Amino acid sequence: MKDADGAAITSETHVARLNPYRYRGYYYDEETGFYYCGSRYYDPIVCRWLNADGRVCFSLGITGANLFAYCLNNPISKSDYTGYKPGDLFDKEEDAAIDFAKEYNSVSISEDREYAANIYKVKTYEYFWTIRLQSIVFENANGDRRFVIKALPYLDRREVTKYSYGVAIKGKREHVDPSRFLKDDNNVAIAHTHGAYNESTECDILSFADTLFAKGKNKYKREIVIYLATPSGTLYRFNPFIPQSPESTITCDIPFDENDPYAPEH
Ligand SMILES: [Zn+2]
């Protein structure tokens, strides 16, 4: 440690030693030799952060500063109704659909209005710590050489595809038009709800119009996967790219209409 004139500071009671706020105002931990910078430690010897940044998703614009992104490897708890919202990232398309259903089926039922949202894919990076080996050669005055292999922590990354969904548009009772989502190729599916239970309608199943839309009978003549959250609490998928069996149900626990006789026992 040097003072302003470049002279070594040896006194333990010198103010420069007592004041822990040093380089750029970061807190210097005398015992470990690391700088503490908000959420991370910086090691000035190897010039590296000790911890990964909590905010690791850089490609999403304003939603990229997403603290949950760090937890992407954690499975999404099926009983968690509140932890997620549009814009969060999921490993699978259907996980985004499940979260859409958890987020919107209650309001869809209580208002008796259909909601629809785009499910889109996102290319992003996952960061992980690994070890990089470095060989160092020491040579003394006699020309004797010694090789040392040093293991340095290294923050590496890999490209991954994640899925998310947008803020839903609100339709009418028994109708919502998601055509606007077909323009963007990043939108890989459309999720929608059917409002409240109504015994005179086909609210609890994929409608004929839903399946036609999925099969390309739409404004943009584009085939697209459709998800449907019903008032009975079932999440359907209609995948036109598997023509022999396009329809399937996704096992999950989503809000349902108490008045729906096909809703689970409660
Ligand atoms: Zn529908």
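The figures follow:
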| read-out | value |
| --- | --- |
| Aspartates and glutamates with Cα under 14 Å of LYS219, excluding same-chain neighbours fewer than 8 positions away | ASP177, ASP184, ASP210 |
| Farthest positive-ward along the range 118-258 dipole, Cα basis, beta-carbon charges - from TYR220, VAL176, LEU235 | TYR220 |
| Amide H partners (placed H, <5 Å) of TYR165, local residues excluded | GLY87, ASP88, TYR120 |
| For the range 191-241: relative contact order, % (alpha-carbon pairs under 8 angstrom, 6 or more apart) | 39 |
| By average C-beta atoms within 10 angstrom, highest first, the peptides 141-148, 243-250, 119-126, 187-194 | 187-194, 119-126, 243-250, 141-148 |
| Separation in nanometres of the label points that stand 7 Å from Cα toward Cβ, at ARG180 and SER200 | 3.0 |
| Cα centroid of the range 164-186 to Cα centroid of the range 219-266, whole Å | 16 |
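Just so you know, all these numbers are worked out from the coordinates, no wet-lab data involved. The structure displayed is predicted, hence computed values, not measured ones. Backbone-built Cβ (ideal geometry, glycine too); neighbour counts: all protein chains shown.
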